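The values are calculated or read from the model by the stated rules, or taken from the named source; none is laboratory data. Please read all numbers here as calculations on a predicted model, not as lab measurements. Quick reminder, even Gly has a Cβ in these numbers, built from the backbone with ideal geometry, and neighbours come from all protein chains shown.
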Amino acid sequence: MQDRVLLISDLHLEEQRQDITEAFTQFLEVNRGKCSALYILGDLFEVWVGDDVESPLTTRVADSLRKFYKSGSSIYLMHGNRDFLIGESYAVQCGITLVQEYFSLEVQNLEILLLHGDSLCTDDVDYQQFRTMVRDNQWQTEFLKKPIEERVAYASAAREQSRAAAKTKSTEIMDVNQTAVKTLFNSTQHKYVIHGHTHRPAIHDISLKQDCSSETIGKRIVLGDWDKAIWFVEIQNGKIELRTLPFPQQPSR
Ligand code: MN
């Protein structure tokens, strides 16, 4: 297997967006057997209220991921703010390994720190409070005990509230906080950070002051969401590239 690593995030798969599911399954098909590992950095699904809630979508995605995994590529999944309830049972069904942020990826002599990205949006105080609550183990255990209808209703109310709040928040508030980024780089040995969440694909240079005389440049690489195009990071021959592709032609039915 060639030493090629792919990273994606923020597909926000949902029943209403068959085009994204189609693009994703084709992406897996094209890269099957052609990469050593695939990292999914959160928000694979638009919503996830428990592994016990199955649908044609969850089955199709699991089948595609499993086929990919069976061809010899490892798949790692980190939770996002939408799908943080994906559990071991679905992971096993897909052939994926769940990993916690912050995850250190060491590949091709590169040391890269992986995270979803929402933890860097510290200006969004309301959201950070919500995050602390729902990422709590006890909260999750209690939530997963509730009837499915109740969980679905809670999730759609939360999404509605977040959509409404997003309209009143400035774009700066919704983006990463620069101090949080600096703190992250200062607290880690990693020169590269890859995350998603903000839906603002870009490569940002970060100046890392070693001492008074020397300065090195770190990079913060932000994955794009899959609303209108495919976005991924490809690591090959010691190089990290942020790439985008148009959605494939929809098969005629
Ligand atoms: Mn997100």
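Annotations for the structure displayed:
- Selection within segment 57-88 - within 16 Å of the ligand (Cβ to nearest atom) and under 22 Å from Val30 (Cβ atoms): Leu77
- Within segment 1-35, the set of residues being of a type in the set (A, V, I, L, M, F, W, C) and buried (at least 18 other Cβ atoms within 10 Å of the Cβ) comprises Val5, Leu6, Leu7, Ile8, Leu11, Leu13, Ile20, Ala23, Phe24, Phe27, Leu28, Cys35.
- Check on Ile194, over 30 Å from Ile86 (Cα atoms), touching a residue at least 24 places away in the same chain (Cβ under 8 Å), surrounded by 10 or more Cβ atoms within 10 Å (Cβ to Cβ) and touching a strand residue (DSSP E or B) at 6+ places or on another chain (Cβ under 8 Å): no
- Residues in segment 6-35 that are of a type in the set (Gly, Ala, Ser), touching a residue at least 60 places away in the same chain (Cβ under 8 Å) and away from the ligand (no atom under 15 Å from the Cβ): 1 in all.
- On inspection, Thr59 passes the criterion of being free of Cβ contacts under 8 Å to residues at least 24 places away in the same chain, more than 30 Å from Asn237 (Cα to Cα) and not charged (D, E, K, R).
- Residue among Glu142, Glu172, Glu241 that alone is part of a helix (DSSP H, G or I), modelled with pLDDT of 95 or more, of a type outside the set (Lys, Arg) and loosely packed, with under 15 Cβ neighbours inside 10 Å: Glu142
- So Leu105, is it crowded, with 17+ Cβ neighbours inside 10 Å and either more than 16 Å from the ligand (Cβ to nearest atom) or over 20 Å from Phe232 (Cβ atoms) (or both): yes
- Members of segment 156-168 that are away from the ligand (no atom under 14 Å from the Cβ) and surrounded by 15 or more Cβ atoms within 10 Å (Cβ to Cβ): Ala165
- In this structure, Val92 does not qualify as within 23 Å of Val222 (Cα to Cα), within 19 Å of the chain's Cα centre (by Cα), more than 14 Å from the ligand (Cβ to nearest atom) and surrounded by 12 or more Cβ atoms within 10 Å (Cβ to Cβ).
- Counted residues, segment 97-139 - those being closer than 24 Å to Lys191 by Cα, aromatic (Phe, Trp, Tyr) and not in a strand (DSSP E or B): 1
- Any hit, segment 159-178, residues being touching a Leu at 6+ places or on another chain (Cβ under 7 Å) and closer than 20 Å to Glu46 by Cβ: no
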